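One structure is given here, and the rest of the page talks about it.
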Amino acid sequence: MPEIQVGDISIYYEIKGSGYPLLMVMGFSFSLLDWGDVFPDELAKHYQVILFDNRDSGRTKSQSTDNYTTADMANDAAGLLNALGIAQAHVLGFSMGGMIAQQFALRHPTKLNKLILACTMAGGDCSDFNPNNQGDLMDLLFPASYLT
């Protein structure tokens with residue numbers, strides 16, 4: 001099992017293929033196994049695909065009992081690239097992984113080539129709505145300033 005020490009955690013990771021590095025960041029409570037085989041294998045035909053388990057997910061061993069944020073998790077991802085000797089990569093983030101990827105872009109811009117976001121959000125006030133109330137969603141998608 002490939003693991004590498006990054007700060008206070010031992011990150012489990014897998015690498016498939018060769019080519020330009022593509023770091024794939026999974027969402028909340030999922031592991032790298034949740035990408036399945038087909039998608040990463042297809043990408044591995046063109047890229048060096050780096051899959052890993054976020055802290056407190058899958059086979060990554062977290063030792064910190066402190067609270068942490070998506071910004072901390074972005075630092076974990078950058079630390080993984082550093083530990084692997086990778087100076088720059090494309091970063092694909094899915095769900096909460098997309099939030100982590102956005103923090104990665106803000107905190108480590110020189111390590112980022114392309115940012116790819118899937119099924120995610122930016123957070124903040126634009127994320128605050130009641131999904132059971134269609135009116136809230138419509139107001140979010142089409143604010144009054146848009147309609148005038």
Just to be sure I understand the filter: pairs with C-beta atoms under 6 Å, separated by 6 or more residues or on different chains, first member in the stretch 35-63 and without any contact (Cβ under 8 Å) to a residue 60 or more places away in the chain and under 19 Å from LEU84 (Cβ atoms), second member assigned to a strand (DSSP E or B) and among the small types (Gly, Ala, Ser). Which pairs pass?
ARG55/SER62; LYS61/SER10
Residue check for GLY85: at positive phi, free of Cβ contacts under 8 Å to residues at least 12 places away in the same chain and not hydroxyl-bearing (Ser, Thr, Tyr)
yes
Residues of the stretch 67-112 being under 17 Å from GLY27 (Cβ atoms) and not in a helix (DSSP H, G or I), which ones?
TYR68, THR69, VAL91, LEU92, GLY93, PHE94, SER95
Residues of the stretch 1-14 being closer than 14 Å to ALA77 by Cβ and either open to solvent by 30 Å² or more (accessible area, probe 1.4 Å) or of a type in the set (Phe, Trp, Tyr) (or both), which ones?
ILE4, GLY7, TYR12, TYR13
State all residues of the stretch 68-106 that are under 12 Å from the mean Cα position of the chain (by Cα) and among the polar types (S, T, N, Q); if no residue qualifies, say none.
THR70, ASN75, SER95, GLN102, GLN103
Restricted to the stretch 28-66 and to residues being of a type in the set (D, E, K, R) and in a loop (DSSP other than H, G, I, E, B), the residue most open to solvent (accessible area, probe 1.4 Å) is LYS45
Taking the conditions exactly as written (small (Gly, Ala, Ser), open to solvent by 40 Å² or more (accessible area, probe 1.4 Å) and in contact with a strand residue (DSSP E or B) (Cβ under 7 Å, 6 or more places away or on another chain)), does ALA83 satisfy them or not?
yes
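The values are calculated or read from the model by the stated rules, or taken from the named source; none is laboratory data. Bear in mind the structure is a predicted one, so any value in this text is a computation, not a measurement. Reconstructed Cβ throughout: ideal geometry from the backbone, glycine too, with neighbour counts over all protein chains shown. In case anyone asks, the SASA skips ligands and DNA or RNA and just uses the protein heavy atoms, side chains included. Shrake-Rupley method; radii C 1.70, N 1.55, O 1.52, S 1.80 Å.
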